[in-house]
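Some notes on the structure that comes next.
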Amino acid sequence: MIFSISTSPSLITSFTTARFPTSAHLVVASTSRISSSVAAVARLRRRPCPYIVFCASKVRGMEEMVDEKKSGAAAAATVASSSSDRHEISSSRIFLDARSEQDLLIGIQKEREAGRLPIHIAQGMEELYQNYRNAVFQSGQPQAEEIVLSNMAIALDRILLDVRDPFEFSPHHEAIREPFDYFMFGQNYIRPLIDFRNSYVGNISIFNEMEKKLQQGENIILISNHQSEADPAVIALLLESTCPHIAENLIYVAGDRVVTDPLCKPFSMGRNLLCVYSKKHMNDDPELVDMKKRANTKSLKEMALLLRGGSKIIWIAPSGGRDRPDPVTKEWHPAPFDASSVDNMRRLTEHAGNPGNIYPLAMLCYDIMPPPAQVEKEIGEKRLISFHGTGLSVAPNISYHEIAAAMEDTEEAKVAYTQSLYSSVNEQYNVLKSAIHGKQGLMASTPIVSLSQPWQ
């Protein structure tokens with residue numbers, strides 16, 4: 001994701017942002033319903049194991065938990081009238097009461113025939129179900145059928161609910177954790193798509209160092225490549241056992257498409273977001289350009305306020321979108337970073353009044369949900385999903401001033417700093433690639449990138 005600040009009174013020309021939502025694989029199972037207690041949810045959040053399984057045929061248990069938590073919140077105050085709270089109650093039992101794949105697909109068909117689901121959204125839901133089902137079955141999990149039914153029942157229910165009563169994101173959206181926990185919903189949906197046996201984290205000690213800096217009031221900026229809509233969930237899942245604060249408090253600069261696409265919105269609602277209009281789509285509709293710029297200015301101000309408060313960690317992809325394979329070689333690699341976007345982020349960090357640190361972050365997870373080959377204007381891309389290993393790595397903080405001190409030209413210093421960050425991301429990415437695609441595993445570690453599997 002990217003944004004650029006202009007020197008004009010409007011402060012900003014546009015943001016170029018990354019996409020995601022999808023956090024997710026819900027899961028898990030026992031032969032009884034999910035416990036409705038908040039303590040049970042807390043135990044799930046702490047659990048470091050690769051898979052969680054809810055009682056597949058008892059999806060209603062999740063809804064009972066929601067109802068119980070909602071009644072407690074309602075007794076406390078007036079939350080029932082807010083926009084987010086309308087999304088804490090299931091709109092119907094059509095999916096939550098499903099006992100089979102056929103029940104889910106018939107439910108989509110009935111909602112479409114009744115006019116409550118637009119045809120294109122209904123088709124997207126069916127496609128999402130089939131692709132998710134195939135991916136989870138690739139994992140070889142003995143509970144695969146239960147996992148798919150459980151997770152997709154809740155996902156389809158949340159999508160239907162938002163179609164009926166669309167949620168509107170504010171410039172700074174805070175993850176909705178109750179009465180319905182959208183964060184855990186997203187985590188559990190993606191969880192069974194990750195092959196944890198072939199997933200790795202690089203330099204976990206630096207992530208631990210970052211958590212300490214956050215506790216001391218310092219800000220952290222992660223300059224990262226961006227591969228899939230599942231990126232937020234992958235980051236949180238790979239760090240949940242060792243760096244839970246980062247996993248749950250990371251703020252993502254997110255493009256408008258993931259907060260408007262009905263299939264993405266429920267997953268986006270579980271993330272902390274700074275919502276912007278992407279530069280790539282700024283001029284899609286000339287009549288909306290001014291509105292989009294004003295909205296981006298609000299988001300920029302929100303970011304500045306957050307950094308002034310300290311102890312914030314923000315993820316941004318200065319390539320302006322997801323990585324895509326080379327059209328000739330078909331090889332994947334991090335997309336180039338935009339120097340003006342990196343410099344804007346640096347200046348915001350330095351002017352916040354709190355110590356700030358900028359770290360290069362590398363991600364490898366495109367196999368789980370690869371983006372379309374080309375950037376698409378229309379909302380509603382085809383979601384390809386698969387079961388695969390993933391990787392995440394961070395390198396030490398890179399100081400702009402150390403690089404600029406050896407250069408006389410300011411513009412050259414900005415380019416050199418951006419290149420330094422980009423080179424680090426590429427170096428880490430290649431190590432992850434060797435570990436995952438090259439099947440070298442932990443042996444792919446180098447003096448610069450030490451790989452581990454902290455969930456083991």
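Every number in this text was worked out from the coordinates using simple rules, so none of it is lab data. As the structure is a prediction and not an experimental result, all values here were calculated from the model. Cβ coordinates were reconstructed from backbone atoms using ideal geometry, including for glycine residues, and neighbour counts include every protein chain displayed.
You can think of it this way: the chain between ASP290 and GLU402 has 36.5 nm of extra reach, that is 0.36 nm per residue less the Cα-Cα gap. The translational diffusion coefficient of segment 92-230, from Stokes-Einstein at 4 °C and 1.567 mPa s with a Kirkwood hydrodynamic radius over alpha carbon pairs, comes to 73 µm²/s. Pairs exceeding 27 Å between alpha-carbon atoms, taken from LYS213/LYS439; LYS312/LYS439; LYS212/LYS439; LYS213/LYS265; LYS312/LYS414; LYS265/LYS301: LYS213/LYS439; LYS312/LYS439; LYS212/LYS439; LYS213/LYS265.
When the alpha carbon coordinates of segment 321-456 are projected onto the principal axes, the ranges are 47, 42, 31 Å, largest first.
Shown is the FRET efficiency for ARG164 and GLU411, computed with R0 = 41 Å from the Cβ-Cβ distance and rounded to the nearest 0.05: 0.20.
Sorted from longest to shortest, the spans of the Cα atoms of segment 290-357 along the three principal axes equal 46, 33, 18 Å. So if I take the centroid of the Cα atoms in segment 394-456 and the same for segment 164-183, what is the distance between those two points in Å? Each part's Cα centre sits 34 Å from the other's. Between Rg and the Kirkwood Rh of segment 158-264, both from Cα atoms, what is the Rg to Rh ratio? Computed over Cα atoms, the ratio is 0.97.
For segment 382-456, a Kirkwood hydrodynamic radius built from all Cα pairs, placed in the Stokes-Einstein relation at 25 °C and 0.890 mPa s, yields a translational diffusion coefficient of 168 µm²/s. What shape does segment 137-183 have by the C-alpha gyration tensor, where a ≥ b ≥ c are the square roots of the eigenvalues, rounded means a/c under 1.5, and otherwise prolate means a/b greater than b/c and oblate the rest? Here segment 137-183 falls in the prolate category.
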